[in-house]
Amino acid sequence: MAFCAAVTLAGGLQGTAGADAPRPAGPGAGPAPAAAPDFGASRADGTTFKDGTMSLGPAPAARRSVGAAPHGEGWQLDKATKLLASGYTIKFYDKKSADVLTRYVKASAADLQRVTNIRYTIDTKPVGWDYVRPRGEVVIGLLKRPCVPGATPDQPWKVVRDGSGTANLSCGFYSSSLPDTTTSGHAYIDSEFFTADGKAIPWMGETYLRSHISHELGHTMGLAHANRSEKRGDCAVGSDSGEKPVMCTPSDAYQDKRAGTYVQQFDVQGLRYLARGAGAALPPQGRVTGLAKKCLDVKGGKAANGTRVQLFTCNGGVAQSWILQKDGTFRALGKCLDNAGNVNKNGNRIQLSDCTGGPAQKWKTDAKGRIVHVASGKVLDVTGGRTANGTLIQLYTAKTAKGQVWSVPK
Ligand SMILES: [Zn+2]
């Protein structure tokens, strides 16, 4: 059949001042260009350049009602509500794109797969600039000033190969040749963000660039900007990170080791929504309840490494929203439940820390409802069996105590 109307989004970085300006990496940050609108549209699955230009057609009217999130605050979809159940292969237009971008794309793709349980593979063999994407492929390219926004939000975007686009603007689009489904995507990263040897330029910085690539790949999956309204720069700020979602305009997100991963409170929820639409078996997410029906809670909702985990009245907050990954991690606020130092002793500190993939962070539930630290065989225990808010959680030998019985999201 013919290509269905496909809606796409574009994103990037622009602005010299105000909330939209890219965050400089440090003193001496260089200039950034004037602000430009940041939406686009596409009406074909194929990437067809004519005379070096690919026209993406008009943006649908729905595109502009960005205030109406389908669910929650801080993440938004464009029209697509599903991912492709068979997953995606991410490819590169040319060798330079692959050489420079692969490490960022790999990290983003791993996170997309972790969040959605949908398969993402990477193929670094260049496809050429005239490649027409089949279903299930996302193609990414590095070009100088590749993106040209329309003069107004409902006017077409263009992608150009001659460097005549907008400085410091990358863009990402998705296509939908099956109703409601993101079937493929394409993204173009402005090469001006990189030095000649493929490093992040100083005013951009490595941390920011990681989030930037995740932002554009988020667009290729069907995520829209997370801004609360059409007013630019008014994204929700996470109570977890103190940062904005990756899908904010411009991309922002975690400024620490979590950089480039999708923000659990926001972007992750949009990706889960899309994956659920595809029928994916998502990692369970929700509260973990224990003694006195109180919740496993990150103290003060602070994501700093070393923050204690405690028992607290359930309040539906993000500090009590745990994602149970297949790899045995319990994640809240974009970090992992951690047995401090992986020490095997009663009373050892249970805390939140950067996810490392290490044995300090691998847990499983047993038939008695206990949460077992796999490496030590000891369990999560409410200190002294006390039910007061703020009672700290510790590691302890498994026994038959109510303070060791938990109910986890399924
Ligand atoms: Zn964007």
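The values are calculated or read from the model by the stated rules, or taken from the named source; none is laboratory data. Here the structure is a predicted model, which is why all the values come from computation and not from measurement. No Cβ is skipped: glycine too gets one built from the backbone with ideal geometry, and neighbour counts run over all protein chains shown.
If you filter the range 360-369 down to residues that are in a loop (DSSP other than H, G, I, E, B) and not small (Gly, Ala, Ser), you find that the one that is farthest from Leu324 (Cα to Cα) is Lys368.
Evaluated against (1) surrounded by fewer than 22 Cβ atoms within 10 Å (Cβ to Cβ); (2) hydrophobic (A, V, I, L, M, F, W, C); (3) assigned to a loop (DSSP other than H, G, I, E, B), Val246 falls short on exactly one condition, (1). When the range 288-316 is limited to residues that are closer than 14 Å to Ser353 by Cα and among the basic types (Lys, Arg), the one that is modelled with the highest pLDDT turns out to be Arg308.
Is there a residue being outside the structural domain of Val115 (by TED's automatic domain parsing) and touching a Lys or Arg at 6+ places or on another chain (Cβ under 7 Å) anywhere in the range 357-368? Steps first, answer last, please.
Just the residues of the range 357-368 that are outside the structural domain of Val115 (by TED's automatic domain parsing), to begin with: 357-368.
Still in the list and also touching a Lys or Arg at 6+ places or on another chain (Cβ under 7 Å): none.
No, because not a single residue in the range 357-368 is outside the structural domain of Val115 (by TED's automatic domain parsing) and touching a Lys or Arg at 6+ places or on another chain (Cβ under 7 Å).
Restricting to the range 324-343, what's the tally of residues that are assigned to a strand (DSSP E or B) and over 18 Å from the mean Cα position of the chain (by Cα)?
The number of residues fulfilling the criteria is 3.
When restricted to residues that are away from the ligand (no atom under 13 Å from the Cβ) and either buried (at least 24 other Cβ atoms within 10 Å of the Cβ) or within 24 Å of the chain's Cα centre (by Cα) (or both), the range 146-165 contains 3. The residues on offer are Gly377, Gly390, Gly300, Gly357, and the sole one that is surrounded by fewer than 17 Cβ atoms within 10 Å (Cβ to Cβ), assigned to a helix (DSSP H, G or I) and of a type outside the set (Phe, Trp, Tyr) is Gly300. Elements of the type strands (runs of 3 or more DSSP E) sitting completely within the range 138-191 and holding at least 3 residues that are in the same structural domain as Ser211 (by TED's automatic domain parsing) and within 16 Å of Val100 (Cβ to Cβ): these cover 184-190. Of the residues in the range 127-136, at least one is free of Cβ contacts under 8 Å to residues at least 60 places away in the same chain, within 20 Å of the chain's Cα centre (by Cα), over 21 Å from Gly260 (Cα atoms) and more than 16 Å from the ligand (Cβ to nearest atom). Residues that are at pLDDT 90 or above, in contact with a strand residue (DSSP E or B) (Cβ under 6 Å, 6 or more places away or on another chain), within 16 Å of the ligand (Cβ to nearest atom) and of a type in the set (Asp, Glu): does the range 210-217 have at least one? Among the residues of the range 210-217, at least one is at pLDDT 90 or above, in contact with a strand residue (DSSP E or B) (Cβ under 6 Å, 6 or more places away or on another chain), within 16 Å of the ligand (Cβ to nearest atom) and of a type in the set (Asp, Glu), which makes the answer yes.
Kindly evaluate Thr183 against the criterion of being surrounded by 23 or more Cβ atoms within 10 Å (Cβ to Cβ) and under 25 Å from Ser86 (Cβ atoms).
Here the answer is yes, as Thr183 does meet what is asked.
Looking across the range 248-273 at every residue that is aliphatic (A, V, I, L, M) and within 16 Å of the ligand (Cβ to nearest atom), the one that is modelled with the highest pLDDT is identified as Leu271.
Just to be sure, is Thr102 over 21 Å from the mean Cα position of the chain (by Cα) and either surrounded by 19 or more Cβ atoms within 10 Å (Cβ to Cβ) or at pLDDT 95 or above (or both)? In short, no.
The residues of the range 246-265 that are touching a residue at least 40 places away in the same chain (Cβ under 8 Å), farther than 17 Å from Asn117 by Cα and within 8 Å of the chain's Cα centre (by Cα), listed by number, are Met247, Gly260.
Within the range 166-181, residues that are of a type in the set (Val, Ile, Thr) have Cβ atoms under 8 Å from residues that are assigned to a strand (DSSP E or B) and within 13 Å of the ligand (Cβ to nearest atom) in these pairs: Thr166/Cys147, counting only partners at least 6 apart in sequence or on another chain.
In this structure, Ala226 does satisfy being within 16 Å of the ligand (Cβ to nearest atom), within 21 Å of Arg331 (Cβ to Cβ) and either in the same structural domain as Arg331 (by TED's automatic domain parsing) or touching a strand residue (DSSP E or B) at 6+ places or on another chain (Cβ under 6 Å) (or both).
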